[in-house]
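Structure record follows, encoded as structure tokens.
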Amino acid sequence: MSDLVTGDAVVLGLRPARLPSRALAILLDLTLYVTAYVLIGVGLTLATASLDPAAQAAIAVASFLLLLVGIPIAVETLSHGRSLGKLACGLRVVRDDGGPIRFRHALVRGALGVVELLLTFGTVAAIASLVSARGRRLGDVFAGTLVVRERVPGARVMPVPAPPPWLAGRFTQLDLSAVPDGLWLAIRQYLTRMNQLDPQVGAAMAARLADDLVARTGAPPPPGVPAAAYLMAVVHERQSRDAARAFRAAAPPLAAAAPVPPGFGPVPAAAPASAPYVAPAPVARTAPAETPRAGGFAPPA
């Protein structure tokens, strides 16, 4: 890994590309460019057969500079250091400070690449890369650039061992707000690798980490609890809190209450879980009084 330091005093963890991957990327690029140069050169030769030799030589030199020098410079400038060969091999050209390259960087690399790669068939570039500590050729040295690996295989994340069952729920009231991230990282690294350590060295590291954790939380572990088990239980409690906080933040909002149809009373805001559901009584409706029909019979007085 390359210890590159930016202007803000930040160390960049860049992985310089080795000679085999760089050679493969250059070979892929040159195969593509030389194939295009040969095809276009044959076409230009047939098209300029009627011209004089001086004009044919000028066209040949112009096509050489355009296809084998200008096109690679344009590709690296527009792609910010990712040519087709580097893209296939997972490489990229960056500045010494880790930033993307610009036209002047690509111009210097392309101009010196004519001597390093084309005229000497890559011999000078291979020797310079082997001598350099970061695998840079002369074009990278003069341009202030570096070829790095973009696709780095990810490290396997080892899970933290589960605490003993008799310690589950013993630290729910523990205040973990004052524990820094660096201490959490050190505890996690110890717990994931404690089986690979010498027993005495591992016990000493667990005791030291437990003392640091107690100093941050202000609550000592229960009597008789081993230091490693105490660290497992506290880390498990922190993971449980983080998971609960994440699920609570991702919970969808409650749906809006449906409108109450006419004729029914208001629905209570919250009902006990054990109370049975009682359907609201329907509103009683009185039938209108029947109007007596008019006729010729009159009741006696």
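With viscosity set to 0.692 mPa s at 37 °C, what whole-number translational diffusion coefficient in µm²/s follows for the range 1-147 from Stokes-Einstein and a Kirkwood radius over Cα pairs?
On the way: Rh = 16.3 Å.
My calculation gives 201 µm²/s for D.
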Candidates per trypsin sites (Lys or Arg not before Pro) in the range 155-207, loop by DSSP, up to 14 other Cβ within 10 Å: Arg156
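Over the range 93-188, give the accessible area per residue in Å² for a 1.4 Å probe, as an integer. Walk me through the intermediate numbers first.
On the way: 5590 Å² over 96 residues.
Roughly 58 Å² per residue, with all protein chains present.
Taking the Cβ of Trp184 as the centre, find all other residues whose Cβ is under 13 Å away and add up their charges (Lys, Arg: +1; Asp, Glu: -1). Each step should come with its number before you reach the end.
Numbers: positive: Arg188, Arg216, Arg238, Arg241; negative: Asp181, Asp212, Glu237, Asp242.
Charge balance in the 13 Å sphere: 0.
Please compute the alpha carbon radius of gyration of the range 43-124, then divide it by the globular-protein estimate 2.2 N^0.38 Å. Two decimals is fine. Walk me through the intermediate numbers first.
Details: Rg = 15.9 Å, N = 82, 2.2 N^0.38 = 11.7 Å.
Compactness ratio reported: 1.35.
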Rotationally averaged projected area of the range 32-91 (alpha carbon convex hull; nm²): 4.3 nm²
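Among Tyr190, Tyr37, what's the order by accessible area (1.4 angstrom probe), most exposed first? List each step's numbers first, then the result.
Details: Tyr190 15, Tyr37 65 Å².
From most exposed to least exposed: Tyr37, Tyr190.
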Ile40/Leu84 FRET efficiency (R0 25 Å; Cβ-Cβ; nearest 0.05): 0.90
Carbon and sulfur %, accessible surface of the range 130-241 computed with the full protein complex present, 1.4 Å: 56 percent
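Using packing as a proxy for protection, rank 100-112, 195-207 so that the peptide with the highest average count of other Cβ atoms within 10 Å comes first.
Working: 100-112: 18.6, 195-207: 13.0.
Output ranking for 100-112, 195-207: 100-112, 195-207.
Once you have a ≥ b ≥ c as the square roots of the Cα gyration tensor eigenvalues for the range 150-237, tell me rounded if a/c is under 1.5, and otherwise prolate or oblate according to whether a/b is larger than b/c.
Working: a/c = 1.73, a/b = 1.46, b/c = 1.19.
It is prolate, given that a/c is not under 1.5 and a/b is the larger ratio.
The values are calculated or read from the model by the stated rules, or taken from the named source; none is laboratory data. Bear in mind the structure is a predicted one, so any value in this text is a computation, not a measurement. So basically every Cβ, Gly included, is an ideal-geometry build from the backbone, and we count neighbours across all protein chains shown. Calculation scope for accessible area: heavy atoms of the full protein, side chains included, ligands and nucleic acids excluded. Shrake-Rupley method; radii C 1.70, N 1.55, O 1.52, S 1.80 Å.
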